Amino acid sequence: MRAYLEWPAEHNPMRAATVAVVEALAGAAVELAQTIAAGSIAGIGGESGGVNPDGDRQRTIDIVADRLMREALRTAPVAAVLSEEAELPETLDVDAPLCVAIDPLDGSANLENNISIGTIFSIRPKAYDALSTFFEPGTAQCAAGCFIYGPQTVLVLALDQCVDCFTLDPRRGEFVLTGRDLQVPPDTPEFAINASNRRHWSSAVRSYVDQCIAGANGERGEDFNMRWIGSLVAEAYRILLRGGVFLYPADARQGYREGRLRLLYEAHPIALIMEWAGGAASNGRSRILELSARTLHQRVPLIMGSTRAVRDVDAHHLTVEPLFESSDAPLFARRGLFR
Ligand code: F6P
Ligand code: MN
């Protein structure tokens, strides 16, 4: 991986710094992958007793992952790191050129079921100061990626406007380039959503999913397949390889009025991966990459995947009123639309 990433870096210090951050994170991911693979033997399955800033119960492995990633970032040119596991960004080297937002271990609740989980990261050039960097839109990212700890440990990396894939060779402890310039298939009839929430969805989401389920007999005129892993990195990886669409929409449940996923370290980086691989990501009305955070741990509805499907879901949102009344979240209005 090192040779592949470093060769064009000579004349571009910002790119060289970005590569240094990716390499530092990759080093931590090798260690984390080993710990995860050891499962119960490593004694990291249980709950830590803590909660993260968003109220999620922290597991021991969340704390371990957060520590490993932070330690790695301290060795890289990073001014500040915002982690899902802490309320505020941590200042590292104030003079460094980059800032990182990270979800150290997304989907960690899946660990006990031996389902793929991952680390998601977003890298941005430092803006006016470290804190203001996190309030820039997602288009400010210079790179993003995710490590997927599954049957194989894989790094999906969006850099230089394209998306490559590296697989960990566990014998050598190194990531090896295994997929170059991945392209999301533009038109795959496969959708992923937690359908148990159907009664809470907006009519826009419901009408799109109902059309998928109607299959060849319905308006879409073709049969759809459905998947739901409950692990964002695994869904994103599947979509990168074979297309389809993933939705975690806003819904009427308390606490889900802006969806579930966090903008800065989940939606922004996944959206960069999707777009640079020729796919799309939206909140139903706007490109995810054009959104700026209002708060550090802000949630956002996420629809991502094959371009045509994301456009179709957006089109369903155009035909209905926004979901909820909220002065600072104009996307969402009027609960009356829920049946
Ligand atoms: O952010 C945590 C996460 O586990 C994602 O990886 C996944 O997409 C989502 O939550 C699953 O949510 P739910 O349990 O509501 O289906
Ligand atoms: Mn997460």
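A compact table of results
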{"read-out": "Conditions (1) under 26 Å from Ala140 (Cβ atoms); (2) crowded, with 16+ Cβ neighbours inside 10 Å; (3) modelled with pLDDT of 95 or more: number failed by Ser292", "value": "(2)"}
{"read-out": "Which numbered condition Arg67 fails, given (1) at pLDDT 95 or above; (2) open to solvent by 10 Å² or more (accessible area, probe 1.4 Å); (3) touching a Leu at 6+ places or on another chain (Cβ under 9 Å)", "value": "(3)"}
{"read-out": "Residues being open to solvent by 50 Å² or more (accessible area, probe 1.4 Å) and either within 16 Å of ligand 2 (Cβ to nearest atom) or among the acidic types (Asp, Glu) (or both) - total across the range 184-213", "value": "2"}
{"read-out": "Cross-chain or 6+ apart pairs with Cβ under 6 Å, the range 235-257 first and free of Cβ contacts under 8 Å to residues at least 60 places away in the same chain and charged (D, E, K, R), then within 10 Å of ligand 1 (Cβ to nearest atom) and open to solvent by less than 20 Å² (accessible area, probe 1.4 Å)", "value": "Glu235/Ala192; Glu235/Phe246; Asp251/Asn197"}
{"read-out": "Residue count for the range 86-119, restricted to those that are surrounded by 23 or more Cβ atoms within 10 Å (Cβ to Cβ) and either in the same structural domain as Pro269 (by TED's automatic domain parsing) or without any contact (Cβ under 8 Å) to a residue 40 or more places away in the chain (or both)", "value": "1"}
{"read-out": "Verdict on Ala16 being surrounded by 15 or more Cβ atoms within 10 Å (Cβ to Cβ) and without any contact (Cβ under 8 Å) to a residue 12 or more places away in the chain", "value": "yes"}
{"read-out": "Residue match in the range 131-151 (condition: without any contact (Cβ under 8 Å) to a residue 12 or more places away in the chain, in contact with a strand residue (DSSP E or B) (Cβ under 9 Å, 6 or more places away or on another chain) and surrounded by fewer than 19 Cβ atoms within 10 Å (Cβ to Cβ))", "value": "no"}
{"read-out": "Number of positions in the range 8-36 that are acidic (Asp, Glu) and assigned to a helix (DSSP H, G or I)", "value": "2"}
{"read-out": "Residues satisfying the stated conditions in the range 214-242, i.e. closer than 29 Å to Val156 by Cβ, part of a helix (DSSP H, G or I) and away from ligand 2 (no atom under 16 Å from the Cβ)", "value": "Arg238, Ile239, Leu240, Leu241, Arg242"}
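The values are calculated or read from the model by the stated rules, or taken from the named source; none is laboratory data. Please read all numbers here as calculations on a predicted model, not as lab measurements. For neighbour counting, all protein chains shown are included, and Cβ atoms are generated from backbone atoms with ideal geometry for every residue, glycine included. Calculation scope for accessible area: heavy atoms of the full protein, side chains included, ligands and nucleic acids excluded. Shrake-Rupley method; radii C 1.70, N 1.55, O 1.52, S 1.80 Å.
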